[in-house]
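The values are calculated or read from the model by the stated rules, or taken from the named source; none is laboratory data. Here the structure is a predicted model, which is why all the values come from computation and not from measurement. So basically every Cβ, Gly included, is an ideal-geometry build from the backbone, and we count neighbours across all protein chains shown.
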Amino acid sequence: AQTVTQSQPEMSVQEAETVTLSCTYDTSENNYYLFWYKQPPSRQMILVIRQEAYKQQNATENRFSVNFQKAAKSFSLKISDSQLGDTAMYFCAFIAYGGATNKLIFGTGTLLAVQP
Amino acid sequence: KAGVTQTPRYLIKTRGQQVTLSCSPISGHRSVSWYQQTPGQGLQFLFEYFSETQRNKGNFPGRFSGRQFSNSRSEMNVSTLELGDSALYLCASSLAPQLGSNEQFFGPGTRLTVL
């Protein structure tokens, strides 16, 4: 069974600073995707960034980048130049590719507060 | 393109009642998944429908059921409501011809409160 673990329930960062959110996962699958979703107070779940497991290059989306370590089963999210609008709950999620399910498996989330 | 819509946005029911939630996916998306979000259990997968067929089901009791119509709209039903069913119910849609291959887009959720 796949599991996703986020060990930081809450984090705080000053505006314009950089913060890294941690995520580890466990799976016996070889082909999968990893995601970071953001859920602001409005509760709308928004995809931040996605990484295909077969790609060695780390994904980047503007101020958001990941550090994907497949052997260590680690998938951290780095937010550069933090903005007040980045305040949200961040979920790490896993999905197997081509398996028997289209189920996203989520971690427990990290509540990020960006301080002015 | 319009996003995923869910109705109603808020719902208050009492124990023992039943409830039906609706989800309209993004146009062209044929897969609809449902998730339950609670403070205690986090985000848990309920079920997924693709082309009107339930493709996968999470570990929930039979009181939770769903269906998908030919236009890909989906409904989920919870019968004999319990206090523990109070949650945010999220719907997500994707193209998903290949399992796991496509991004899932989430709706704003339905907040269900059971009194």
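Scanning the stretch B:10-41 for residues that are assigned to a loop (DSSP other than H, G, I, E, B) and out of contact with any Ser or Thr (no Cβ under 9 Å at 6 or more places or on another chain) gives B:Thr14, B:Pro39, B:Gly40, B:Gln41. Here the stretch A:83-107 is the region considered, the condition is being away from chain B (no Cβ under 14 Å) and surrounded by fewer than 20 Cβ atoms within 10 Å (Cβ to Cβ), and the residue that is nearest to A:Thr3 (Cα to Cα) is A:Thr87. All told, A:Phe75 falls short of being at pLDDT 95 or above, crowded, with 21+ Cβ neighbours inside 10 Å and within 14 Å of another protein chain (Cβ to nearest Cβ). For the stretch A:38-45, does any single residue satisfy the condition of being surrounded by 14 or more Cβ atoms within 10 Å (Cβ to Cβ), modelled with pLDDT of 95 or more, among the basic types (Lys, Arg) and within 24 Å of B:Leu90 (Cα to Cα)? Checking the stretch A:38-45: at least one residue is surrounded by 14 or more Cβ atoms within 10 Å (Cβ to Cβ), modelled with pLDDT of 95 or more, among the basic types (Lys, Arg) and within 24 Å of B:Leu90 (Cα to Cα). Across the stretch A:11-23, the qualifying residues are those that are assigned to a loop (DSSP other than H, G, I, E, B) and among the hydroxyl-bearing types (Ser, Thr, Tyr), and the one among them that is surrounded by the most Cβ atoms within 10 Å (Cβ to Cβ) is A:Ser22.
A residue that is closer than 15 Å to A:Leu104 by Cα, of a type in the set (S, T, N, Q) and outside any strand (DSSP E or B) can be found somewhere in the stretch B:42-65.
Does the stretch B:2-12 include one or more residues that are hydrophobic (A, V, I, L, M, F, W, C), over 27 Å from A:Ala1 (Cβ atoms), within 13 Å of chain A (Cβ to nearest Cβ) and in contact with a Cys (Cβ under 7 Å, 6 or more places away or on another chain)? Outline the logic, then answer.
We begin by selecting, within the stretch B:2-12, every residue hydrophobic (A, V, I, L, M, F, W, C); these are B:2, B:4, B:11-12.
Keeping just the survivors that are over 27 Å from A:Ala1 (Cβ atoms) gives B:2, B:4, B:11-12.
If we keep only those that are within 13 Å of chain A (Cβ to nearest Cβ) as well, we get B:4.
Filter once more, so that each one left must be in contact with a Cys (Cβ under 7 Å, 6 or more places away or on another chain): B:4.
Yes, the stretch B:2-12 contains at least one residue that is hydrophobic (A, V, I, L, M, F, W, C), over 27 Å from A:Ala1 (Cβ atoms), within 13 Å of chain A (Cβ to nearest Cβ) and in contact with a Cys (Cβ under 7 Å, 6 or more places away or on another chain).
Entry remark, the stretch A:1-10: residues being within 12 Å of chain B (Cβ to nearest Cβ) and either touching a Ser or Thr at 6+ places or on another chain (Cβ under 7 Å) or crowded, with 16+ Cβ neighbours inside 10 Å (or both) number 5 in total. Among strands (runs of 3 or more DSSP E) entirely within the stretch A:24-116, having at least 2 residues that are among the small types (Gly, Ala, Ser) singles out A:74-79, A:88-96.
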